[in-house]
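Contents: one structure, followed by commentary.
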Amino acid sequence: MLGGILRRSRSGKGKEPEKRRGRAFFAGFLSAVAVAATGFFLVDKAMGPLSEPQFCARCHEMKEVHESWKQSPHHTNPSGVRVACVSCHLPPREDCVSHLTAKAWAGARNVSVRVFREYDGEAARRRALRTLPSEWCVRCHNNLTGRPSSSAVEIVHAASLEQPCSRQYACVACHDALHGPRAAPAAEKECERADNSFCYVCHVNFKTEEFTDVHMAAGVGCKTCHGKCAQHADDEDHVTPPDVMYRKAQVDASCMTAECHPRERMEEEIGHRPFFAGVELERQYCTDCHGAHRLATRQRRWDRESRKLIERDGHPVGADGD
């Protein structure tokens, strides 16, 4: 009996150190969590003033950038939302580790540039545009296809959302002027509305077509592009072609003339940049986006090069015209 009591006594003494070690480990773990939480809290609080645009502007290299930001829609806009530097140039603050790492790296790089070499503002701008992920833009601009300004813009925005990793469709591929005042809209030219009533006698479906209506409002009627077509209209057999016809390959050149849509101006349009970059092969011509501009039914077809009738009422026409 005495031996059993001694063994139980020794067993109880052996467990005491283990309990003390367990309590010490648990206390140390809680302390570490508390220290880490306090550290993150303090760092997050410190990030507030360190993330303000005024802090960024303290570097003399950033003064010009800061002034251009103050003139941009990211600073002044009807909604009253002010977008700070870190919102576009750093990962979101919710992703604390990535945000702090990126901020530390950017700060170290800027200090290195200031100490060891000349600051190149244009190179910095190009680098920022090259590396800015579209996902950061969509956090705020999350209704890209909701109210597009045109069908072309809707097409580009849809492609950007479908291919978020594509640099061709990156937001900054078009919106590369994020600092500075927004360009004033071009003054609309006052024009007398064109009269297409003579053509609508036969070509009824063009009466309600957007492509035709937009051009009519600008004073551009059917005869502006296709000629007066007097013989074409007077021919009751409908074998005389219009005065001017366009092959598919001629469409772009006929639109982008100095009098109508100069190519230089079209290339500057945001929605047109992917078009001129040749990103999508199925959209190579102006009419691929801006209206079909096709007859509902075609009773006659002409070869646009030779102007000879090649199809009548759905049947091919032979060399002798029969």
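The values are calculated or read from the model by the stated rules, or taken from the named source; none is laboratory data. Computed from a prediction, not measured in an experiment: that's the story for all the values here. Don't worry about glycine lacking a Cβ; one is built from the backbone with ideal geometry, like all the others, and counts go over all protein chains shown.
When region 230-272 is limited to residues that are in contact with a helix residue (DSSP H, G or I) (Cβ under 6 Å, 6 or more places away or on another chain) and among the hydrophobic types (A, V, I, L, M, F, W, C), the one that is nearest to TYR285 (Cα to Cα) turns out to be VAL251. Only residues that are loosely packed, with under 13 Cβ neighbours inside 10 Å and assigned to a helix (DSSP H, G or I) were counted across region 68-102, and they come to 1.
Residues that are touching an Asp or Glu at 6+ places or on another chain (Cβ under 8 Å), in the same structural domain as TYR246 (by TED's automatic domain parsing), at pLDDT below 80 and under 16 Å from MET256 (Cβ atoms) do not occur anywhere in region 281-289. Only one of the numbered conditions (1) farther than 19 Å from VAL153 by Cβ; (2) surrounded by 14 or more Cβ atoms within 10 Å (Cβ to Cβ) is not met by GLN250, and that is (2). Here the condition is being surrounded by 14 or more Cβ atoms within 10 Å (Cβ to Cβ), in a loop (DSSP other than H, G, I, E, B), of a type outside the set (Asp, Glu) and in contact (Cβ under 8 Å) with a residue 24 or more places away in the chain; of ALA194, ALA159, it holds for ALA194 alone.
In this entry, VAL214 is excluded by the filter for residues that are in a loop (DSSP other than H, G, I, E, B), under 21 Å from LEU295 (Cβ atoms) and not charged (D, E, K, R). Please verify whether GLY314 is small (Gly, Ala, Ser) and surrounded by 13 or more Cβ atoms within 10 Å (Cβ to Cβ), treating the condition exactly as stated. It is false that GLY314 is small (Gly, Ala, Ser) and surrounded by 13 or more Cβ atoms within 10 Å (Cβ to Cβ).
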